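Enquirer: One structure coming up, written as structure tokens, with questions to follow.
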Amino acid sequence: MTDTAQSPMYPLACIVLAAGQGTRMRSELPKVLHPIAGLPMLRHVTNACAALAPERVVVVVAPGMKAVQELVVPHRCAIQQEACGTGDAVKAGRSELKGFVGDVMVLFGDTPLVTSEALLALRQKRAATGAAIVVAGFTPVDPAAYGRLILDNDGRLEAIVETNDATPEQRLIRLCNGGIMLFDGATLGPLLDAIKDDNAKKEFYLTDCIGLARAQGLNCAVAEVSAENVLGVNTRVELAEAERLMQQRLRRQAMLGGATLTDPDTVYLAADTKIGRDVVIGPNVVIGAGVEIADNVEIRAFCHLEQVRVEAGAIVGPFARLRPGSVVGAGAHIGNFVEIKNAEVGKGAKINHLSYIGDAFVGPKANIGAGTITCNYDGFLKSRTHVGAGAFIGSHTSLIAPVTVGDGAYVGAGSVISMDVPADTLAVARSRQSNIDGWARRYREQKTRGAGDK
Ligand code: UD1
Ligand code: MG
């Protein structure tokens, strides 16, 4: 493929605007860091960009947005000193594009549902029409807050008019600016320099580039995208709506990938969840960031998983909690009311009821009895527990870490294990039982004596 503007391989740089304060979120956290499906909103946007293999991605932030700057690495950041409009923000972004030759795409950091397919549609439109600028157009249910796309008689984009500056006739137009714009990089600089703030908001509108470009005889075009792709998040109500739509998308992907979701609407996934084939996920399961589920795994109802790997054929739940740093080995069983944290559970091991296993290694085929607890924390330090392959831990055992139970060892039910147990040994650490003959009968008689006289 040749390397010209007509080719989707033509060099691309992305400028993501994120300098707005997001005051309507009423939050200490910058708006673009609020998560959707376990990932900061901004990361969804930069991921969509990354799929187009841009040469550079620049995120424009406001002074003091240190947390955003840290998130953006390895991409670049530019600082817009004062939020005086999208045109000014892009100008700030261009300071990081020195030496770059190619197309420049401008996106907003608060539109987490944007897809790489939508971005590609803009590139294709520019390749097909040779337009100097392509704008993502969409038809919102309520166009009130959006810039209207004014088309000429040939259906080409003539201008974008912001709502506050629109005439009553222009306000009737339904086709609106979704905010994403693709520029021929060579024309962008001079256009930005020509933008003025003579409008209702006294801001430098990026959208003015269209009118300016047309006045210079340049062609501008619209690529239509779905409303979802450009859904902006300004409040926590919109954040919840974006989350809902993202969850629908992720559930659909999981099902099309070969997983059965018994009641999809009640399963929550993260953007980075990896799910194999023939996985069955029951109702009310919450999967946080960093989860990998291999083929043929069953996650039963009411489980919560975060930063874990579940290997092929394992069965988890119902009502299990798998916390960060855990691995559930192939064919292992984690049952109801079991919490696993930073623990490796070997192949075919069973932890079926009411247990806490933290900072531990549980060997292959080991059996952890109901109510077993690893006492991993002494108030200052966390320590590890090692349970060997094929070991059998009786019910209601406390394993006081650091401690090792050797391969094939047995621990008697109700034990408090504070010393290592060698392989193939039985350890019993509980007080010996004594039976007192006839005690219960005598006790009852004493308590009921004379009761019949009253
Ligand atoms: C903008 C468009 C409008 C479009 C709408 C789509 C302009 C002038 N208007 O309007 O045509 O229909 O988006 O949602 O572009 N930002 C900065 N620095 C600034 C101003 C904004 O970084 O000085 C960032 C914001 O953080 C935000 C994005 O740019 O991510 C858009 O800004 P916003 O104020 O929401 O623009 P709208 O008025 O919604
Ligand atoms: Mg907006």
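Enquirer: Roughly to the nearest percent, how much of the accessible area of segment 12-230 is carbon and sulfur, given a 1.4 Å probe? Walk me through the intermediate numbers first.
Expert: Details: 4720 of 9440 Å².
Taking all protein chains in place, segment 12-230 shows 50 percent carbon and sulfur surface.
Enquirer: Loop by DSSP (not H, G, I, E, B), at most 15 other beta-carbon atoms within 10 Å: where is the longest site-free stretch of the chain for GluC sites (Glu not before Pro)?
Expert: Longest site-free region, per DSSP loop and neighbour criteria: 83-454.
Enquirer: Another one. Label segment 12-230 by shape, choosing from rounded, prolate and oblate, from the square roots a ≥ b ≥ c of the eigenvalues of the Cα gyration tensor; if a/c is under 1.5 it is rounded, and otherwise prolate applies when a/b is larger than b/c, oblate when it is not.
Expert: rounded
Enquirer: So, one more: On a C-alpha basis, how far is the centre of segment 41-102 from the centre of segment 306-326 in Å? Whole number, if you could?
Expert: Value for the Cα centre distance between the two parts: 37 Å.
Enquirer: Next up: Using the 4.7 Å Cβ rule, please list in number order the cysteines from the chain without any candidate partner.
Expert: Cys77, Cys84, Cys176, Cys209, Cys220, Cys303, Cys375
Enquirer: Expected output is a single nm value to one decimal: the length gained when fully extending between Glu158 and Ala215, i.e. 0.36 nm times separation in residues minus the C-alpha distance. What is it?
Expert: Numbers: separation 57, 0.36 × 57 = 20.52 nm, distance 0.92 nm.
So the chain would gain 19.6 nm between Glu158 and Ala215.
Enquirer: Keeping all protein chains in place, calculate the accessible area per residue for the chain (probe 1.4 angstrom), answer in Å².
Expert: Values: 22110 Å² over 454 residues.
It amounts to 49 Å² per residue over the chain.
Enquirer: While we're looking at this one, here's another question. Could you calculate the contour length gain from Leu52 to Lys274, that is, 0.36 nm times the residue separation minus the distance between their Cα atoms, to one decimal place in nm?
Expert: Result: 77.8 nm gained on full extension.
Enquirer: If the chain between Ala227 and Asp295 were fully stretched, how many nm would it gain, using 0.36 nm times the residue separation less the Cα-Cα distance?
Expert: 21.0 nm is the gain from fully extending Ala227 to Asp295.
Enquirer: Sorted by average packing, counted as other Cβ atoms within 10 angstrom per residue and highest first, what order do 426-432, 63-69, 83-89 take?
Expert: 83-89, 63-69, 426-432
Enquirer: Nearest 10 degrees, 0 to 90: what angle lies between the long axis of helix 439-448 and the longest principal axis of the chain (Cα atoms)?
Expert: On a 0 to 90 degree scale, this one is about 80.
Enquirer: By how many degrees, 0 to 90 and rounded to 10, does the Cα axis of helix 236-256 deviate from the longest principal axis of the chain?
Expert: Between helix and principal axis, roughly 70 degrees.
Enquirer: Quick one: of Lys350/Lys382; Lys91/Lys201; Lys66/Lys202, which pairs are farther than 26 Å apart, Cα to Cα?
Expert: Lys66/Lys202
Enquirer: What size of dipole, in debye to the nearest 20, comes out for the chain about its Cα centre when the only charges are +1 on Lys and Arg C-beta atoms and -1 on Asp and Glu C-beta atoms?
Expert: The dipole of the chain has a size of about 1800 debye.
Enquirer: Relative to a virtual label point 7 Å from the Cα of Lys202 in the Cα→beta-carbon direction, which members of segment 64-98 show backbone nitrogen distances below 19 Å?
Expert: Under 19 Å, as judged by backbone N against the label point of Lys202, lie 81-89 of segment 64-98.
The values are calculated or read from the model by the stated rules, or taken from the named source; none is laboratory data. Because the structure is a prediction, the values reported are computed rather than measured. Positions of Cβ are generated from backbone atoms using ideal geometry, with glycine treated the same way; all protein chains shown enter the neighbour counts. Heavy atoms of the whole protein, side chains included, go into the accessibility calculation; ligands, DNA and RNA do not. Shrake-Rupley method; radii C 1.70, N 1.55, O 1.52, S 1.80 Å.
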